[in-house]
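The values are calculated or read from the model by the stated rules, or taken from the named source; none is laboratory data. Model, not experiment: these values are computed from the prediction. Cβ: placed from backbone, ideal geometry, glycine included. Neighbour counts: every protein chain shown.
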C-alpha cells in the first residue's frame with residue numbers, strides 16, 4: 001500500500017488496524033461541495049490512506065464559513081487582497097497531512113459531470129436539490145457508488161429543530177433515491193440562511209463517512225441500510241432502505 005501521509009500513521013499501528021487500512025488502498029474519492037458538511041467530510045477522509053481526494057467547489061471562502069469549518073481559521077486569511085477559494089483553502093490545510101488532495105475551482109454541472117466517472121466513490125454535499133438530483137441521477141447511470149447528505153433546520157418558537165440525512169446509492173440499490181432526494185427546494189429550510197451549526201455539519205459528515213467505511217468493508221455492515229435519518233429534537237436515529 002502506497003504511503004500517502006507526510007508522517008507515520010502511528011494511530012493505526014497503535015490500534016493494530018494496519019491490515020484493515022488496506023481496504024482504502026488505491027481509492028480515488030471525490031467530494032462535491034466544500035461547505036460545512038463537505039469540509040468535515042474531507043477532514044475525516046483525509047485521515048484514511050486513500051490515494052487521492054478531489055474536492056470540487058466554485059465558491060470563495062468567506063468570513064461566515066469560518067464558523068462552520070473544521071479547526072480555527074486565522075484572521076489574516078480574510079485580510080489578504082486576493083480571493084480565497086474554498087477548495088484552495090482546504091487543499092492547503094490538508095496537504096500538510098495527506099499527499100493526494102486535489103482542488104478543483106468549479107461546480108459540477110451537466111457539462112462536466114462526466115469528470116466523476118474517474119472516481120471510486122463520490123460524496124455529494126450541496127445545498128440545492130436540483131443540483132444533487134441531477135448529479136445522483138448521472139452517477140446511477142455511470143454505476144458509481146455515492147453518498148448524498150442533507151441537513152434541514154427549522155425554527156420552532158425559541159429553538160431549532162430539524163433532520164440530518166445520509167443517503168447512499170450504488171449499482172446494487174438505487175430504487176429508493178427518488179423518494180429520498182427531492183428536485184424542488186424547501187422554502188422553510190432555515191439552514192439556507194447560513195445559521196451557524198457546525199455541530200450538525202460535523203455529525204452529518206461523520207455519519208456519511210461511517211456509511212462509506214461500511215461500504216468498503218472497514219466497519220461491519222449487517223443491515224446494509226441505504227438511508228439514515230437523525231432527528232435533532234428526539235435524538236432518534238432511523239435506518240431505512242435496506243439492500244435485499
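Selection within the stretch 170-204: residues that are assigned to a helix (DSSP H, G or I) and farther than 22 Å from residue 46 by Cα. The member of this set that is modelled with the highest pLDDT is 177. Specify the residue that is modelled with the highest pLDDT; the eligible residues are those in the stretch 218-232 that are buried (at least 17 other Cβ atoms within 10 Å of the Cβ) and in a loop (DSSP other than H, G, I, E, B). The extreme case among them is 218.
Of the residues making up the stretch 85-104, those that are buried (at least 16 other Cβ atoms within 10 Å of the Cβ) and in contact with a helix residue (DSSP H, G or I) (Cβ under 8 Å, 6 or more places away or on another chain) are 86, 89, 90, 94, 101, 103, 104.
Scanning the stretch 36-49 for residues being surrounded by 21 or more Cβ atoms within 10 Å (Cβ to Cβ) and under 25 Å from residue 127 (Cβ atoms) gives a total of 9. Of all residue pairs spaced 6 or more apart or on separate chains, those with beta-carbon atoms under 6 Å, a first member in the stretch 141-170 that is more than 11 Å from residue 123 (Cβ to Cβ) and a second member that is at pLDDT 90 or above and in a loop (DSSP other than H, G, I, E, B) are 143/171; 161/232; 161/233; 162/232; 170/145. For the stretch 205-217, state whether one or more residues are more than 29 Å from residue 67 (Cβ to Cβ) and at pLDDT below 95. Among the residues of the stretch 205-217, not one is more than 29 Å from residue 67 (Cβ to Cβ) and at pLDDT below 95, which makes the answer no. At least 2 residues being over 18 Å from the mean Cα position of the chain (by Cα) and modelled with pLDDT under 95 is the threshold, and among the helices (runs of 4 or more DSSP H) wholly inside the stretch 1-102 those reaching it are 10-15, 18-21.
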